[in-house]
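Notes follow the structure.
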Amino acid sequence: MRTAVAFVLVLLMGLVFMPQRDHASPLDDAMTVATLEGPRLTYPAGRQPQLLLPDGKRVAVKSLLNITKPMKFGDFMWNDAGVPPGKSWVRVDLARQTLSVFRAGHEVGAAVILYGADSKQTPRGIFPILEKARDHQSSLYDAEMPFMLRLTGDGVAIHASLVRGGSATHGCIGVPLEFARHLFDEVQVDDLVAIIDDKNKAG
């Protein structure tokens, strides 16, 4: 094991539709106490950072994936080796244009995302997953939405998309196809998805 340095980039650094390479992780300050254990940065008991949710609650983070370089459109990482069973939840950071998946306090997946344009924004808040469908066809937009995880009654969902620069959604959260497969298998109906967009309240 060795101490992780503060400049390790853990969650994607990015702005809407144009990921940047110099934005710090919301957990950078805490990363100086993490140790590198295989594919992840692990925090000691009593020194675990916390993520602030839209409802004001905080969730402790036991470990993060060791993402050592900036991610770009289409990139993702998934590694749950050694992570124990437990409750899963999803954190979507619109300001950084990332989605992270946590199980039992450990980050098991991270991806660059697409989200809603100004004319059809992605809602902010905490949403339970209402429905899962491996093969879904949007009746509103006549579009395929593979590995769909419905978040709202009016059709906002997380689903597989072609994640590329200059693209946006009609309010949904688009993730790379292979990542969508992992995410679909990881979460269950009623698991929570927290969507934030304020950098000052992200960590």
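The values are calculated or read from the model by the stated rules, or taken from the named source; none is laboratory data. Every value quoted in this text rests on a predicted model; they were computed, and no experiment measured them. Cβ sites come from the backbone with ideal geometry, for glycine too, and all protein chains shown count toward neighbours. Surface areas here come from the heavy atoms of the whole protein model, side chains and all, with no ligands, DNA or RNA. Shrake-Rupley method; radii C 1.70, N 1.55, O 1.52, S 1.80 Å.
Observations, loosely collected:
- Selection of segment 97-114 for residues being touching a residue at least 60 places away in the same chain (Cβ under 8 Å), on the phi < 0 side of the Ramachandran plot and open to solvent by less than 20 Å² (accessible area, probe 1.4 Å) yields Thr98, Leu99, Ser100, Val101, Glu107, Val108, Gly109, Ala110, Ala111, Val112, Ile113, Leu114.
- Residue match in segment 38-50 (condition: among the aromatic types (Phe, Trp, Tyr) and over 22 Å from Glu186 (Cα atoms)): yes
- Taking (1) assigned to a loop (DSSP other than H, G, I, E, B); (2) more than 30 Å from Ser167 (Cα to Cα); (3) modelled with pLDDT under 90; (4) not hydroxyl-bearing (Ser, Thr, Tyr) in turn, Leu36 satisfies each apart from (1).
- Of all residues in segment 45-68, one or more are more than 18 Å from the chain's Cα centre (by Cα) and among the aliphatic types (A, V, I, L, M).
- Strands (runs of 3 or more DSSP E) completely within segment 78-190 that count 1 or more residues being at pLDDT below 95: 88-93, 98-103, 106-112, 131-133, 148-150, 157-160, 173-175
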